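Let me begin by presenting the structure, written as structure tokens, before commenting on it.
The values are calculated or read from the model by the stated rules, or taken from the named source; none is laboratory data. This one's a predicted model, so the numbers in the text were calculated from it and none came from an experiment. Because the Cβ atoms are built from the backbone with ideal geometry, glycine has one as well, and the counts that use them run over all protein chains shown. Only protein heavy atoms, including side chains, enter the accessible area calculation; ligands, DNA and RNA are left aside. Shrake-Rupley method; radii C 1.70, N 1.55, O 1.52, S 1.80 Å.
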Number of protein chains: 2
Amino acid sequence: MKNRFYLCSLVILLAQAGVAQDQWIQYVNPLIGTRKMGHTFPGATVPFGAVQLSPDTDTLPYDVNGTYNAGVYKYCAGYQYDDPTIVGFSHTHFSGTGHSDLGDFLIMPTTGALQLNPGTAADPGSGYRSRFRHATETAEPNYYKVRLDDNNILAELTTTTRVGVHRYTFPQSDDAHIILDLMHGIYNYADKNVWTFVRVENDTLITGFKQTNGWARTRTVYFAMVFSRPFRSYGFTNFKNYPYKGFYKRFDQTKNFPEMAGEQIRAHFDFKTNAGEQIGIRFALSPVSTGNALENLLAETSGQDFEMIRKKGQDQWNKELGRIRIEAQDRESLVNFYTALYHAFLSPTVYMDGNGEYKGLDQNVHKASGFTNYTTFSLWDTYRALHPLFSLVQPRRNSDMIRSMLAHQQQSVHKMLPVWSHYANENWCMSGYHSVPVIADAIVKGLTGFDANQALDACIQTANVGYYDGLEAYLQKGYVPDDVRPNSVSTTMEYAFDDWSLAQAAKKLGRMDVYETFMKRSQNWKNVFDASIGYMRPRLSDGTFRKAFDLLSTHGQGFIEGNAWNFSLFVPQDPEGMIRAMGGEKRFVSHLDSLFTMHLPDLFFEETEDITRDGIIGNYVHGNEPSHHVAYLYNFTGQPWKTQERVRMILKKQYQPAVDGLGGNDDCGQMSAWYIFSTLGFYPFAPGSEDYQLGSPAIKKAVLTLENGKTFTIDVKNQGARNVYVSKVLLNGQPVNKRTLKHSDILKGGIIQFIMAARPAK
Amino acid sequence: MKNRFYLCSLVILLAQAGVAQDQWIQYVNPLIGTRKMGHTFPGATVPFGAVQLSPDTDTLPYDVNGTYNAGVYKYCAGYQYDDPTIVGFSHTHFSGTGHSDLGDFLIMPTTGALQLNPGTAADPGSGYRSRFRHATETAEPNYYKVRLDDNNILAELTTTTRVGVHRYTFPQSDDAHIILDLMHGIYNYADKNVWTFVRVENDTLITGFKQTNGWARTRTVYFAMVFSRPFRSYGFTNFKNYPYKGFYKRFDQTKNFPEMAGEQIRAHFDFKTNAGEQIGIRFALSPVSTGNALENLLAETSGQDFEMIRKKGQDQWNKELGRIRIEAQDRESLVNFYTALYHAFLSPTVYMDGNGEYKGLDQNVHKASGFTNYTTFSLWDTYRALHPLFSLVQPRRNSDMIRSMLAHQQQSVHKMLPVWSHYANENWCMSGYHSVPVIADAIVKGLTGFDANQALDACIQTANVGYYDGLEAYLQKGYVPDDVRPNSVSTTMEYAFDDWSLAQAAKKLGRMDVYETFMKRSQNWKNVFDASIGYMRPRLSDGTFRKAFDLLSTHGQGFIEGNAWNFSLFVPQDPEGMIRAMGGEKRFVSHLDSLFTMHLPDLFFEETEDITRDGIIGNYVHGNEPSHHVAYLYNFTGQPWKTQERVRMILKKQYQPAVDGLGGNDDCGQMSAWYIFSTLGFYPFAPGSEDYQLGSPAIKKAVLTLENGKTFTIDVKNQGARNVYVSKVLLNGQPVNKRTLKHSDILKGGIIQFIMAARPAK
């Protein structure tokens, strides 16, 4: 029996009683995924907002004694549900990542003797952090509330795109403080902080910036912070001792001195409060300057109180979530679906000031002309289903994301499209060049708003940077040799898929020379296939396959986030060829069946990253992305009903309306996007193709409002927990095959009907 | 007999034979002041240029073993004449400062096995530095040449305002290198480097920036560097080991990887050279961005070769130096004069890109609208004579400097005018608020081009920032108590003088309430005068004078860079009042006479900073600025001929056409400005007044070309080494008093004639 956190019954009853239409946010629970490996954050943000204002319960890889904390991995989003204390509220968070960064500008309200150290969770009194209870916690889209028990302060958070809005209700205190911790950060390795600079412009306005060397190597975030009322006094401590102090030593900089700078700074602002008195903070970010941050602050919040800002952001959420309106059997399904859609619409995030300025990879200021610039591209994950989801229900935004990726490519000294990029940096995480399938998918699906030929050129250029991750060897030999790079097999397979998607875009644009070249490259998966064992296998420079090889291990076997069992199936560009190579349909189906049912030794779960034990079904690892297309592979055999069966099983097992409801990292929405597509009954099996593979829809009805003004309805007859098999599919009343659906057919508007049954239609 | 470096006789002979008119640069020797305490640099720069490209012979306060090098002080300009080696050529240098910073972006050409450590002067082979000999060295305005003996490379340097231009002539080598050392810097305390970021854009273009925490606390300089030919390979080493390396670890970043970042970086670019082959570098700076740096590079050097750039800069120098055309008795006087004028025209330096953008104190980018933005304001020094010199012969530039100071004030979080500022920073060095007399002097002298009332308001605001250096106590008690701040007496006296100058500007603008307030404040010098001993003396908060007090010591006695003997005379705003307070004229003259003639214990010279023993005449310290008006004080007694006598003696003793020819730090041109004025026969005794005090001109003739189109001629009859006394003064043919000259009379154009004599006209 799992210890899960279900929404309270009262809310469920209210929901069943019926609420205002289009109030989709009622179904969103931002706490889902905050326990274990989901790595989601519970705080406030607007769709794709630049600010994610959220509580951090811990972040430090080194504790206060300097000891390395191996548990840092779990703090990718700053919050873990089981933690007893909150350190404070910081303004930037990734949703669902494995590696991490951010956590900028932590704010914490306190009363009593000033403490400028966060202290430890084991001894909250040792610092400014506070205990809290989930009973006092509320998390909604763009609203978060919690009581900080140690100081009896009610904390409430909301946001606009670029502004975090705080409201703290204090008890009576002669000694109330707002702490601004500039040392705080997520994945806060020693020396991560490079520099901070703060100005107390007057008794309500603070400006400054912080520069870090973390996952992003050279990253600067600027801010402007406005208090709702003047502070009485302020000060800061620099926790680093410099050999040279300069002539600032003539001042007592620790007290009411308006200029602070250094590597390790914590500041405080002091108040006297009456019981129930509220202190508000508006905290705006900018990638460019404190001047822009202040402009953002004024433009987005002037004349609006906390409730207006909260409502405006929640209205934005209702509008975005309403792009897919579903009817489901129960509230749990609605919560799962709209929370998934919420998580899918968190990132990529806006990375641009109101005036269009942003920082480029050259660290210079650029102006986005005619598009919104985005950052946080977790492309190894998101090319699979998240960007295809955007191509479907957010095509304008996806085009802007592609324009952002093209700007990245132009500003990159490598002239490469993003691999994993955030905040004007390439962090080089993961493998492949998966900007290519994102762009190819958009070209093939006819998205406009970017220059398709320029985009294709950027793809070609990216796919030919020899010094990138074994690419030179791949171009020469047709595979990445295992003695050249680790993860040589998965990298080869990913390149081959990306090359295929590039070819598809080239074909669409009539550039047949490019098509031919890259179609040839797309066959390179065959070069790492060892026919003697029927699996992909590491291959050496001399052409021989590596002898020492473990089919089950996920470490050191030439694959990233997967083993040979799973990753050998990653040929979405040529499933038929793969099935042939693997010995034909019968043997292949047997492989797939075994994958889902086999028992694995415990070690497997211990060494596999990014997932909970719940994220594994047999040897099928849903918590990691390389398997996301696998359940749909049965569609390419004579047994498509097994796709329908597996998909429903995965939906049920891997997604729960609970704090530990996600079987692995949400990975910037990719896990959620899989849920959304699969729940709707189709999946973008091979981005770069306009074909979706049909599975088994898990709702009763869904209406997609498309940006071309059309609607597309998914209507499911005989829906039920046991009726997981599709017996018939009608498109606009006409029977069609039960395996695929074309993107262009959706764009025309209309209705697809699934007739469900309790038995497979063999 | 002093061991001085005189210009070689051949050059003197050539000069005597006559050269092309207006070739004033022939008289400039940038090596003057490079031995001992002059702290000048010998390298290439244009007038007020943003780039000072000059050899550094050493800079490190810590040697390679981490041991503190107390001798760092002498490397304020990066170069000491007696050093045997050159580390390389860096792009930014102060001229004549005491404290220091800069030394950005060191370039060094080498051959043979790559060395990325500078090595030591004692063992040049231990690193990339090279031995050199002065016999191979040439220093001219905007041109520097030296042979690097260890590698047999000829180095030549020239500049434009924002671009350093290098030309290196190599021997045949298969292993030639250009090193770009981003760790190098002047006053390079541990942790001074905050971050560096470099991109190899292609095989000839490098861009990047460097951020430091030095005298300027938060300072970033951007660059773009272009080679005249492609390098064959390149690489870099990061000398700091980071606990977290991120996913860059997938690359071998040390070889041909185009993106470098970190705290301690040295890069190299590799070539194969033929004998006599030249490699050129154009290295542009920007305060704003690498994009702007590249724009500056193209705008200032496109289509021009090394010789054209050199000539253009030298033409600029001839034009600027030609604002004062003198005739002198000998070449030495010409060399002294034009080298002084050269040093006076080095700073403040342009701090603005070609497109008008610059970084402000808020670290945001601003655009200078209608003016050139300057930085490097050594105001405690330069308000005395350098800015008055600009008011006279560079009024447009001085107005732009004032506009730069006003921009600083608006961008300052303290809303203060600069104290000592450079590169978008206030470094708080020295005391007082001497922007005020610079502005007041310009207002009183009728300079236009800035808003005088806005400027006055900025002065008033600056003069009332309570937390600044004892100012709150000064406003309350009329003096800075010695128990509140060190240097309490000199600070009180400087505030009082600055207040007087502010009052003069207010009077000129008809703001009589301000005039009254500040005239009252200007009398505050009286509050630290101890009538019982006839000297200024530290006073405590309780109103009593400090008991322990040493009249001669320059340390811990309440004065900065001076003792009670010298600093008690610092009441330029009310010399008559001071003479009365000090016991009347007879006693006062006796004090002055003693000052110049008394013998002091050796300890005095040891503990007094910024000067050589040569910088002292008796107890008169010319090497420090607080005495700069002192020789002119006799003008306020019945014995003005003693002013004439002392001035000529100081000119002769303190300024020599030799590498150790300066008696103290040139202090951004203040020492030189004293020389220029005094040589011309008049001195701005009290900036904020339009009266100059007449001394004894040391030239035969001078013609000042004024910006209003007029010329003003100084004609000296009976000039001679012994004829130091002025027997008669005629202004436009009319006899006038022998003590003062009005700025407005100069502005009218005309001629002043001094009739000299060997005996004083008592």
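Quick notes on this structure:
- Between A:F570, B:N142, B:T40, the Cα set farthest toward the positive side of the dipole of the protein assembly as shown (charges on each charged residue's Cβ, about the Cα centre) is that of B:N142.
- For B:T349, residues with placed amide H under 5 Å, excluding near neighbours: B:T375, B:T376
- Selection of trypsin sites (Lys or Arg not before Pro), region B:526-603, meeting DSSP coil and at most 16 other Cβ within 10 Å: B:K547
- Only the Cβ atoms of Lys and Arg (+1) and of Asp and Glu (-1) were treated as charged; on that basis the dipole of the protein assembly as shown about its Cα centre amounts to roughly 1780 debye.
- Pairwise Lys count, region B:354-549 - Cα closer than 27 Å, eight or more residues apart or different chains: 20
- Under the combined filter of DSSP loop state and at most 15 neighbouring Cβ atoms within 10 Å, region B:132-240 retains these trypsin sites (Lys or Arg not before Pro): B:R133, B:R232, B:K240.
- Shape class for region B:354-549: prolate, because the ratio a/c of the largest to smallest gyration tensor axis (alpha-carbon atoms, square roots of eigenvalues) is 1.5 or more and a/b beats b/c.
- Pseudo-label separations to other copies for A:L509 - Cα-to-Cβ vector, 7 Å, nm: 6.1
- Percent of beta bridges antiparallel (DSSP, chain B, rounded to nearest 5): 95 percent
- Threshold 50 Å², region A:360-393 residues less accessible with all protein chains present than alone (1.4 Å probe): A:N364
- In order along region B:742-749, phi translates into HN-Hα couplings of 8, 4, 5, 5, 5, 4, 6, x Hz, rounded to whole numbers, per the Karplus curve 6.51 cos²θ - 1.76 cosθ + 1.60 with θ = phi - 60° and x for Gly and Pro.
- Per residue accessible area in Å² of region B:28-296, where ligands, DNA and RNA are left out and the probe is 1.4 Å: 27 Å²
- Accessible surface buried once B binds A (1.4 Å probe; total of both sides; Å²): 5000 Å²
- Whole-angstrom gap from region B:236-291 to region B:316-350, using each part's C-alpha centre: 40 Å
- Of the solvent-accessible surface of region B:555-595, computed with a 1.4 Å probe over protein heavy atoms with every protein chain present, carbon and sulfur atoms account for 49 percent.
- In degrees, nearest ten, helix A:290-301 long axis to first principal axis of chain A (Cα): 80 degrees
- Only protein atoms count toward the accessible area here, which uses a 1.4 Å probe; on region B:354-549, the carbon and sulfur part of that area reaches 48 percent.
- For B:K547, inter-copy separations between label points set 7 Å beyond Cα along the Cβ vector come to 9.3 nm, shortest first.
- Taking a ≥ b ≥ c as the square roots of the eigenvalues of the alpha-carbon gyration tensor, region B:213-296 is classed oblate because a/c is 1.5 or more while a/b is no larger than b/c.
- About the centre of its Cα atoms, chain B shows a dipole size close to 1680 debye [charges on the beta carbon of Lys, Arg (+1) and Asp, Glu (-1) only; nearest 20 debye].
- Compared with its chain on its own, region A:258-304 contains the following residues whose accessible area drops by 30 Å² or more in the full protein assembly (probe 1.4 Å; ligands, DNA and RNA excluded): A:P258, A:E259, A:A261, A:T290.
- Distance between the C-alpha centres of region A:478-515 and region A:177-195: 41 Å, rounded to the whole angstrom.
- Accessible area (Å², per residue) of region B:354-549, counting only protein heavy atoms and a probe of 1.4 Å: 30 Å²
- Simple spin-label estimate for A:D252 and A:M308 in nanometres, 7 Å along Cα-Cβ: 4.2 nm
- Counting protein heavy atoms only, region A:617-718 has 46 percent of its accessible area on carbon and sulfur, 1.4 angstrom probe.
- Scanning residues 5 or more positions from B:E561 or on other chains, none has an amide H under 5 Å from its amide H, with H placed 1.01 Å from N in the peptide plane.
- Lysine pairs meeting the criterion (Cα under 26 Å, 8 or more apart or interchain), as found in region A:9-318: 21
- Each of A:S689, A:P124, A:L154 was placed along the dipole of the protein assembly as shown (beta-carbon charges, centred on the mean Cα), and the one lying farthest toward the positive end is A:S689.
- Sum of -39500 (n - 2.57) over DSSP H runs of 4+, divided by residues of chain B (222 nm, nearest 500): -7500 deg cm²/dmol
- Test item: Cα-centred dipole of region B:28-296, Lys/Arg +1 and Asp/Glu -1 on Cβ, debye: 400 debye
- Helix A:395-411 axis, angle to chain A major axis (alpha carbon atoms, nearest 10°): 80 degrees
- Under a 5 Å amide H cut-off, with hydrogens placed 1.01 Å from N, B:Q80 pairs with B:T57, B:D58 among residues at least 5 apart or on other chains.
- Distance from the alpha carbon centroid of region A:565-596 to that of region B:654-693 works out to 89 angstrom.
- On Cα atoms only, tilt of A:488-508 relative to the major axis of chain A in degrees: 80 degrees
- For B:V703, label point 7 Å along C-beta direction: distances to other copies, nm: 9.2
- B:F247 accessible area, 1.4 Å probe, all protein chains in place, Å² to nearest 10: 50 Å²
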